[in-house]
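No value in this document is a laboratory result; all are computed from the given coordinates. On a predicted model such as this, the values are computed, not experimentally measured, just so you know. Every residue, glycine as well, gets a Cβ built from its backbone with ideal geometry; the counts of neighbours run over all protein chains shown.
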Amino acid sequence: NAGVTQTPKFRVLKTGQSMTLLCAQDMNHEYMYWYRQDPGMGLRLIHYSVGEGTTAKGEVPDGYNVSRLKKQNFLLGLESAAPSQTSVYFCASSDRAGGSDTQYFGPGTRLTVL
Amino acid sequence: QQQVKQSPQSLIVQKGGISIINCAYENTAFDYFPWYQQFPGKGPALLIAIRPDVSEKKEGRFTISFNKSAKQFSLHIMDSQPGDSATYFCAALLDNYGQNFVFGPGTRLSVLP
């Protein structure tokens, strides 16, 4: 039982490049989330999904897209990276549909955009 | 109304002391208040959580105190240990369809040996 895993762990991009961050969970959770963490700002929700095939915008969705084609995977895409997207990205999942509000976080992806 | 304010930004405590972190919110529709602990290079992990129908919850050395009328809640770490040195985030959740999880900015706790 690996919990929530994220790939890659680190990435450096140049402005304008694109990339996809992969999140996978093996807990059969319906809900999945993408957050970004910046110094002094806590965690801010980018997008979330309440089930396979569904996605919704969070607090800071601009510049990001997501897809949830399989229940266990949640992908975060940056189509044209900007220096303002330099951050640590965390994926999380929860069994909210099953009555639990606990979110389980992955180890994070540190992204630098030059 | 969606913000959660957290203080202090950083905290230094001697081993064996009490660490206290405070959070305040505005939206009275929040109905779940967790605290997350994060070690460097790791993702946050749930430490303890409370719902507004109780005023206090204790798990080992960790206690949440909740004041519904003041819209404040706090984390108390008794007998603080160097291993408790981490960043702590409070959060609040709206119980609506989908989700509305709001995190505080975090408190960096250092427990000196």
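Scanning region A:51-81 for residues that are of a type in the set (Lys, Arg) and in contact (Cβ under 8 Å) with a residue 12 or more places away in the chain, we see that the one that is surrounded by the fewest Cβ atoms within 10 Å (Cβ to Cβ) is A:LYS70. Number of residues in region A:82-103 that are over 18 Å from A:GLU52 (Cα atoms) and within 8 Å of chain B (Cβ to nearest Cβ): the value is 3.
Conditions tested, residue by residue: (1) closer than 25 Å to A:GLY106 by Cβ; (2) surrounded by fewer than 16 Cβ atoms within 10 Å (Cβ to Cβ); (3) among the polar types (S, T, N, Q).
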| position | (1), (2), (3) |
| --- | --- |
| B:THR28 | no, yes, yes |
| B:TRP35 | yes, no, no |
| B:PHE66 | no, no, no |
| B:SER69 | no, yes, yes |
| B:HIS76 | no, no, no |
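Residues of region B:37-64 that are of a type in the set (D, E, K, R) and farther than 18 Å from A:GLY108 by Cβ: B:ARG51, B:ASP53, B:GLU56, B:LYS57, B:LYS58, B:GLU59, B:ARG61. Within region B:16-58, restricting attention to residues that are in contact (Cβ under 8 Å) with a residue 12 or more places away in the chain and acidic (Asp, Glu), the residue that is farthest from the other protein chains (Cβ to nearest Cβ) is B:GLU26.
Scan region B:18-29 for residues that are part of a loop (DSSP other than H, G, I, E, B) and touching a strand residue (DSSP E or B) at 6+ places or on another chain (Cβ under 8 Å) and report the count.
Narrowing region B:18-29 to residues part of a loop (DSSP other than H, G, I, E, B): B:18, B:26-29.
In the following step, the residues that additionally are touching a strand residue (DSSP E or B) at 6+ places or on another chain (Cβ under 8 Å) were identified as B:18, B:27, B:29.
Residues meeting the conditions: 3.
Could you tell me how many of the residues in region A:10-56 are of a type in the set (D, E, K, R) and in contact with a strand residue (DSSP E or B) (Cβ under 6 Å, 6 or more places away or on another chain)? Reasoning before the result, please.
Step one: filter region A:10-56 for residues of a type in the set (D, E, K, R), giving A:11, A:14, A:26, A:30, A:36, A:38, A:44, A:52.
So of that shortlist, the ones also in contact with a strand residue (DSSP E or B) (Cβ under 6 Å, 6 or more places away or on another chain) come out as A:11, A:36, A:38, A:44.
Number satisfying all stated conditions: 4.
Selection of strands (runs of 3 or more DSSP E) fully inside region A:1-68 by the criterion of at least 1 residues being away from chain B (no Cβ under 12 Å) and over 16 Å from B:PHE101 (Cβ atoms) returns A:4-7, A:10-13, A:19-25, A:65-67.
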